[in-house]
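Peer 1: To start, I am sharing the structure in question, which I have written as structure tokens.
The values are calculated or read from the model by the stated rules, or taken from the named source; none is laboratory data. Since the structure is predicted, the reported quantities are computational estimates derived from the model, not experimental observations. Note: ideal-geometry Cβ built from the backbone for every residue, glycine included; neighbour counts use all protein chains shown.
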Amino acid sequence: MTITLRVAIIGVLTVALCVGLYLLWLWRPVHQVRLHTDHFFHAIDGRDWENVGDFIGEDYRDQWDHDRARLLERMREGFRWVRGTTITAPDAMVRLETQHAFWTGKINVYSSDDGVMQLLDVRVNRLPTPFELEWRHVSSKPWDWKLVHVGNPAFQIPADLSY
């Protein structure tokens, strides 16, 4: 079977159209925020603090008055004591507003250490309200989102907890 120029051009255009449609689907803001949140949680699970830092915007501020540097410091210190973690977030929702997206969902943290797991279950997994992660689109690139705020009114960090 011989391939004519016409068939080759139609084939190339078909592949280009498929790739283009895939990229349009992949780069939708809602999809990007879901992917960024999942990758952010996996980076925390893997203790890849450099990668975790790449997800967090320089203008980060949360309800506990942490900035970017303080958040990274506290996560490093806190997760040092938690072995074999897995962070899941079933049934999360994403709401878009201009250059911001709000990811809202229940976060569950699991550990292979039973003693730590009991504490996590009480302090995080049984919270009555979901967490809200605010992501900001920082450039014209469709995949360039940074975490700028985290909040959950039911999650409290004790004032005497300092590390």
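Peer 1: May I ask you to list pairs of residues, at least six apart or on different chains, whose Cβ atoms are under 6 Å apart, with the first in the range 112-131 being outside any helix (DSSP H, G or I) and the second being modelled with pLDDT under 90?
Peer 2: Pairs found: S112/R83; S112/G84; D113/R83.
Peer 1: Is it the case, given these coordinates, that W49 is surrounded by 14 or more Cβ atoms within 10 Å (Cβ to Cβ), aromatic (F, W, Y) and out of contact with any Gly (no Cβ under 9 Å at 6 or more places or on another chain)?
Peer 2: Answer is yes for this residue.
Residues checked against (1) within 23 Å of W145 (Cβ to Cβ); (2) part of a helix (DSSP H, G or I):
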site	(1), (2)
A8	no, yes
V12	no, yes
W25	yes, yes
Q32	yes, yes
H36	yes, yes
N51	yes, yes
Q63	yes, no
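Peer 1: Of all the residues that make up the range 132-156, how many are free of Cβ contacts under 8 Å to residues at least 40 places away in the same chain and of a type outside the set (D, E)?
Peer 2: 6
Peer 1: Another one. Would you mind telling me which numbered condition in (1) touching a helix residue (DSSP H, G or I) at 6+ places or on another chain (Cβ under 7 Å); (2) of a type in the set (V, I, T); (3) more than 21 Å from H42 (Cβ to Cβ) I87 fails?
Peer 2: All conditions are met except number (3).
Peer 1: Moving to a separate point now. Going by the structure shown, is V82 β-branched (V, I, T) and within 15 Å of the chain's Cα centre (by Cα)?
Peer 2: Spelling it out, it is not the case that V82 is β-branched (V, I, T) and within 15 Å of the chain's Cα centre (by Cα).
Peer 1: Can you tell which of V150, V122, V82 is touching a helix residue (DSSP H, G or I) at 6+ places or on another chain (Cβ under 9 Å) and over 30 Å from R28 (Cβ atoms)?
Peer 2: Just one listed residue meets the conditions, V82.
Peer 1: Among the numbered criteria (1) without any contact (Cβ under 8 Å) to a residue 40 or more places away in the chain; (2) under 21 Å from S111 (Cβ atoms); (3) exposed (fewer than 12 other Cβ atoms within 10 Å of the Cβ), which single criterion is violated by D65?
Peer 2: Unmet condition: (2).
Peer 1: Still on this model: Would you please list the contacts, defined by Cβ atoms under 6 Å and residues six or more apart or on different chains, that run from a residue in the range 19-48 that is among the aliphatic types (A, V, I, L, M) to a residue that is part of a helix (DSSP H, G or I) and surrounded by fewer than 18 Cβ atoms within 10 Å (Cβ to Cβ)?
Peer 2: Close Cβ pairs (under 6 Å, with a partner that is part of a helix (DSSP H, G or I) and surrounded by fewer than 18 Cβ atoms within 10 Å (Cβ to Cβ)) amount to A43/N51.
Peer 1: Filtering the range 89-110 down to residues that are of a type outside the set (A, V, I, L, M), modelled with pLDDT under 95 and in a strand (DSSP E or B), which residue is nearest to the chain's Cα centre (by Cα)?
Peer 2: Kept after step one, since they are of a type outside the set (A, V, I, L, M), are these residues of the range 89-110: 90-91, 95, 97-100, 102-106, 108, 110.
Subset that is modelled with pLDDT under 95: 90-91, 97-99, 108, 110.
Applying the additional criterion that residues be in a strand (DSSP E or B) yields 97, 108, 110.
Numbers: E97: 17, N108: 13, Y110: 17 Å.
The extreme case among them is N108.
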